[in-house]
Amino acid sequence: MEPSTEYELLSVVDDSDTVIEQRTRGEIHRLGLRHRAVHVLIFDPSSRIYLQKRSNNKDINPGLWDSSAAGHVDAGETYDQCVIRELREELGIRLEKLPRMLFKLAPMLSTGMEFCQVYRLEHSGPFDVNSEEIADGCWYTKAQINDWIENGSGLTETFCVIWRALQCAESA
């Protein structure tokens, strides 16, 4: 398990995403309680998406490919505050304004019971990758991601759910 994540304090939320209590990250995950997370999809000018390969030290989905940046919303923090923090911590991106919010997913087993607020950022790098959290990062085309989801594994379930929701939103 990652250092300190067992005691990281997060908000537990009800089915309408209202905070009802605070518990440690470890408790929330062990008990399958609803909580909050952000995911950022970073696209370059060629419409390729940057994915991160999660560090093998991560307690959840180690070594799998995931959204460009992602993380839990800390207790007392808003989604918007979290997205700014996660981009800075994971990729060294310091933003002047919020990235565009795309959609919010309701909690489900495949997302670890997280309300996932998903953002889109246009950025072409370079990134200052946090090697404690990210093992690798790479740009992929939409076709490559679609093939990857259809034909194999190696991606987090949460990213697959987010990607499908993005495809639906873009085709609507």
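None of the figures in this text is laboratory data; all of them are computed from the coordinates on show. Quick caveat: nothing in here was measured; it's all calculated off a predicted structure. Glycine also receives a Cβ, built like all others from the backbone with ideal geometry; neighbour counts cover every protein chain displayed.
Inverting the mean 1/r over all pairs of different Cα atoms, compute the Kirkwood radius of the chain and quote it in Å.
16.3
Run the count for the range 1-152, please: Lys pairs, Cα-Cα under 25 angstrom, 8 or more apart or on different chains.
Close lysine pairs under the 25 Å cut-off: 4.
Angle between the Cα long axis of helix 157-171 and the longest principal axis of the chain, 0 to 90 degrees, nearest 10?
Between helix and principal axis, roughly 60 degrees.
Taking amide H positions as placed 1.01 Å from N in the peptide plane, with prolines and chain starts having none, which residues 5 or more places from Trp65, or on another chain, fall under 5 Å of its amide H?
The answer is Arg54, Leu155, Thr156.
What percent do you get for the relative contact order of the chain when only Cα pairs under 8 Å and 6+ apart count?
25
Taking 22 Å as R0, compute the FRET efficiency from the Cβ-Cβ separation of Ser131 and Gln81 and round it to 0.05.
E between Ser131 and Gln81, to the nearest 0.05, is 0.35.
What is the angle, in °, between the Cα long axis of helix 79-91 and the longest principal axis of the Cα atoms in the chain? Nearest 10 is fine, range 0 to 90.
Result, in degrees: 60.
Take the chain, mark every one of the trypsin sites (Lys or Arg not before Pro) that falls in a DSSP loop and has at most 16 other Cβ within 10 Å, then report the longest stretch left between them, sites excluded. The partial results should precede the final answer.
Details: sites that count: Arg94, Lys97.
In short, 1-93.
Given the options Thr111, Leu121, Asn57, identify the residue whose Cα lies farthest towards the positive end of the charge dipole of the range 29-172 (+1 on Cβ of Lys, Arg; -1 on Cβ of Asp, Glu).
So the residue we want is Thr111.
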